[in-house]
Amino acid sequence: GAVVSQHPSRVICKSGTSVKIECRSLDFQATTMFWYRQFPKKSLMLMATSNEGSKATYEQGVEKDKFLINHASLTLSTLTVTSAHPEDSSFYICSANPLSNVNNEQFFGPGTRLTVL
Amino acid sequence: AQSVSQHNHHVILSEAASLELGCNYSYGGTVNLFWYVQYPGQHLQLLLKYFSGDPLVKGIKGFEAEFIKSKFSFNLRKPSVQWSDTAEYFCAVNAGEAGTALIFGKGTTLSVSS
């Protein structure tokens, strides 16, 4: 149980286009999902906390107009990178916190590799 | 705010050597502690986790970690490493309250030579 999927697994786009990444909890419901970014050979940086039915909370330095997050249901959160530029190329990882989880454990998706040309 | 420090940036060991990776965190309240591994080109895998109880936690692949509350530490250990343990290791912490994010350390690269 506790499986999180991400789609697509990798995407290549042209500079200036927008890209949407989906994060789904497949066998549980999650009021809270998290989006992380990982640069090559670096750690995971928390970008934002996504709450179902409300606005996401962004970490300092993360542009909310650039990285649009929508958490419309208890099993789906989306991250849209708007007007992508080469510096947005990165590995984006989501995680989800099950409703029933008393220990605040998160389950991670496999990540989406974004390459902006 | 929480923070996590991993002191070893890159560790190089020979097979069968013992491993200890340091992790310290700063947070005054109840915490949950995790170690993750990321093999080259792959996604994160959970090695072990600590929520409460016995401070010595055993995980997968022969790894264990000890939570020392007085030192705010959660060091990862393995008595005898293998070449296949070559990977990136991340310590992570979150507060005990539901809905709080995991904060990751910068990671330690482990290289094991055969």
- Hey, what do the phi angles of region A:32-44 turn into as Karplus ³J(HN,Hα) couplings, whole Hz, using 6.51/-1.76/1.60 and θ = phi - 60°, x for Gly and Pro? 10, 10, 10, 10, 10, 10, 10, 7, x, 6, 10, 7, 7
- For B:21-27, what's the mean count of beta carbons from other chains sitting within 10 Å of each residue's beta carbon? 0
- Message: Give me a comma-separated list of calculated 3J(HN,Hα) values for region B:11-18, in order, Karplus coefficients 6.51, -1.76, 1.60 applied at θ = phi - 60°, integers in Hz, x for any Gly or Pro.
- Response: 10, 10, 9, 8, 4, 6, 6, 8
- Task: Provide, for chain A, the number of lysine pairs with alpha carbons under 20 Å apart, each pair being eight or more places apart or on different chains.
- Result: 6
- Query: Going by how many other Cβ atoms sit within 10 Å of their own, how do A:THR80, B:THR30 line up, fewest first?
  - Reply: B:THR30, A:THR80
- Query: Relative contact order, percent, of chain A when contacts are C-alpha pairs under 8 Å separated by at least 6 residues?
  - Reply: 37 percent
- Message: Strictly under 4.7 angstrom between C-beta atoms: which cysteines of the protein assembly as shown have no such partner?
- Response: A:CYS13
- Message: Can you compute 3J(HN,Hα) from phi for each residue in region A:81-86, using the Karplus curve 6.51 cos²θ - 1.76 cosθ + 1.60 with θ = phi - 60°, rounded to whole Hz and x for Gly and Pro?
- Response: 8, 8, 6, 5, 10, x
- What net charge do the residues around A:SER90 carry, taking every other residue with its C-beta under 11 Å from that of A:SER90, with Lys and Arg at +1 and Asp and Glu at -1? +1
- Query: Mind checking which of B:ASN24, B:ASN94, B:ASN32 has the largest fluctuation in a GNM of chain B, springs on alpha carbons under 10 Å?
  - Reply: B:ASN32
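Coordinate-derived values only; no laboratory data. Please read all numbers here as calculations on a predicted model, not as lab measurements. In this analysis, Cβ positions are derived from the backbone assuming ideal geometry, glycine residues included, and neighbour counts consider all displayed protein chains.
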